[in-house]
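Reading through the structure tokens given below for one structure.
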Amino acid sequence: MGQPIKIIGVTESGIASLPQQYREWIEESEQLVGGERLLDFFPSYKGEKIVVKSGLSKMVETLQQTSKKTVVLASGDPLFFGIGGYLAKKIDVEIYPNISSLQQAFAKMKESWHDCFFVSVHGRNIKGLAQKIDGHEKVCLLTDETNTPKAIASYLLEFGMDEYEAFIAETVGGESEKTTFMTLSDMMSYDAHPLNVVILKRKKNREKWALGIPDEEFSQRKPDKGLITKKEIRVLSLSELQLHKSSTVWDIGTCTGSMAIEAARIAKEGQVFAIEKNESDLQNCYENMKKFQADITAICGKAPARLNEFPDPDAIFIGGTGGEMKELLSVCASRLKPHGRIVLNAATIETLYEATEILKQLKLKVSITLAQISRSKPILHMTRFEGLNPVYIITAAKEEE
């Protein structure tokens, strides 16, 4: 292959959005590559047009083998959720950005965008969006034909996220440009043009939850309250899991979902999967997911059955073994990624002994913390302490294979 391939950004204004130099490069090229919509901006182009429909790997193969002078068209800024970064890793390119649709949308909105949180649901699953955007003042969403403004509004309202007002910018820079402010409720019935950007701006405050959500805030089984990983033990166990923002987490025996929900709020870019054998407890988990804006995958079943439905984890929390400890721990150890961790809470010395022996047999590095927590309690004008049940926090780490 000869000279570098030029990647040129184009806006909805088409040719009019390009400097003269960019136009000359396109006219002088022998191949023009891009989506149909972008190629249509150049009806009088004399060279060969190559339409990119799907599968960027095929396009890369074509570009790697060509000796022709080639220009690739991209929308707006090719390096902002565009193909520029992908192609730059595969072939020799020069990138010439244009104004992005996002910049134009914020200009129409008359808002700065340097302080915005950007997330794309274009060609991606909307799952987990709630915890990704929770707490951000300003959010910009790149949409697609599935994750439309209507679908996004429905999803956010399912998690009670009505603190946001929406701004929809459609075909910005084009002849049919339209911009609209609306509530999420209004957006649920709004049919937007397929080419759109959604900007969310928080208009009212809602309760913020720090690490270690109080136990009483969770919906729990009635009248048998207390079947929850207590706040202090929860925080210690989460610390032992050593989660990062993109962790894949399993919560086995999730019950109220307290561990899974707190994990999701840490691993905002990751995935959290929970399993619970009691349907009534799972319903409480669903309620808590919406309250704390944590979009996890929670299913009904008894582990280790159905764990094959989950992707391999970086971290596993086990709140209960259901009497299948050896089989369960064996499955967990086999699926755990290298350097991953299993954390198991045990309330009895028998469970402690059995779990520790099995984990050692599975060649995992085991450490144990005995947590003896007491909470203050008023008595008349004084304060005393009331002890919680001691809990053994068993941590098993998987070394490099």
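Quick notes on this one:
- Candidates 298, 371, 315: whichever shows maximal mean-square fluctuation once the chain is modelled as a Gaussian network with Cα springs under 10 Å: 371
- Rounded if a/c under 1.5, otherwise prolate or oblate - region 162-321, Cα gyration tensor axes: prolate
- For the chain, the gyration tensor built on C-alpha atoms gives a prolate shape. Its axis ratio a/c (a ≥ b ≥ c) is at least 1.5, and a/b is the larger of a/b and b/c.
- Three-way shape label, region 32-107, alpha-carbon gyration tensor, a/c 1.5: oblate
- Taking amide H as placed 1.01 Å from N in the peptide plane, residue 49 has its amide H under 5 Å from the amide H of 32, each at least 5 places away in sequence or on another chain.
- Distance between region 315-333 and region 22-65 - C-alpha centres, whole angstrom: 54 Å
- Cα-based helix-to-principal-axis angle, 149-158 vs the chain, degrees rounded to 10: 10 degrees
- Under 5 Å from the amide H of residue 9 lie the amide H atoms of 74, 96, 98, each residue being 5 or more positions distant or on a separate chain, with H modelled from the backbone and absent for Pro and chain starts.
- Protection-proxy order for peptides 129-135, 251-257, each taking the mean of Cβ atoms within 10 Å per residue, highest first: 251-257, 129-135
- Listed residue pairs exceeding 26 Å between alpha carbons, taken from 245/291; 90/110; 90/127; 245/302; 6/132: 90/110; 90/127; 245/302; 6/132
- Summarising the label geometry, the points placed 7 Å from Cα in the beta-carbon direction at residue 28 and residue 369 lie 6.4 nm from one another.
- Packing, taken as the mean count of other beta carbons within 10 Å per residue, orders the peptides 230-236, 186-192, 271-277 from highest to lowest as 271-277, 230-236, 186-192.
- Loop-located trypsin sites (Lys or Arg not before Pro) in region 327-388 (DSSP state other than H, G, I, E, B) with a sparse environment of at most 12 neighbouring Cβ atoms within 10 Å: 363.
- Cα convex hull, region 62-101: 67 Å³ per residue, rounded to a whole number.
- Once the chain from residue 227 to residue 107 is taken as fully extended at 0.36 nm per residue, the excess over their C-alpha distance is 38.1 nm.
- Surrounding net charge for residue 390, when Lys and Arg each add one and Asp and Glu each subtract one, Cβ distance under 15 Å: -1
- Extension gain for residue 384-residue 207 works out to 60.7 nm (0.36 nm per residue, less the C-alpha to C-alpha distance).
- Antiparallel content of DSSP bridges confined to the chain, in %, to 5: 50 percent
- Exposure ranking of 137, 145 by accessible area [1.4 Å probe, largest first]: 145, 137
- Residue-wise HN-Hα couplings along region 269-282, as the Karplus relation 6.51 cos²θ - 1.76 cosθ + 1.60 with θ = phi - 60° gives them from phi, are 9, x, 9, 10, 10, 10, 10, 9, 7, 9, 4, 5, 5, 5 Hz; Gly and Pro carry x.
- A 1.4 Å probe run over the chain, with the rest of the protein chains in place, finds 50 Å² accessible per residue.
- Our summary gives region 171-254 a relative contact order of 18 percent, counting only alpha carbon pairs under 8 angstrom and 6 or more residues apart.
- Karplus (6.51, -1.76, 1.60) ³J(HN,Hα), θ = phi - 60°, over region 164-174, in Hz, Gly and Pro reported as x: 9, 9, 9, 10, 10, 10, 10, 6, 4, x, x
- When the solvent-accessible area of the chain is split by element, carbon and sulfur atoms take up 49 percent of it, the probe being 1.4 Å.
- Taking every C-alpha pair closer than 8 Å and separated by at least 6 residues, the mean separation divided by the residue count of region 214-281 gives a relative contact order of 33 percent.
- Mean separation of Cα contacts under 8 Å, 6 or more apart, over the residue count of the chain: relative contact order %: 11 percent
The values are calculated or read from the model by the stated rules, or taken from the named source; none is laboratory data. Treat the numbers as computed from the prediction; the structure is a model and nothing was measured. Note that we place each Cβ from the backbone using ideal geometry, even for glycine, and neighbour counts take in every protein chain shown. Calculation scope for accessible area: heavy atoms of the full protein, side chains included, ligands and nucleic acids excluded. Shrake-Rupley method; radii C 1.70, N 1.55, O 1.52, S 1.80 Å.
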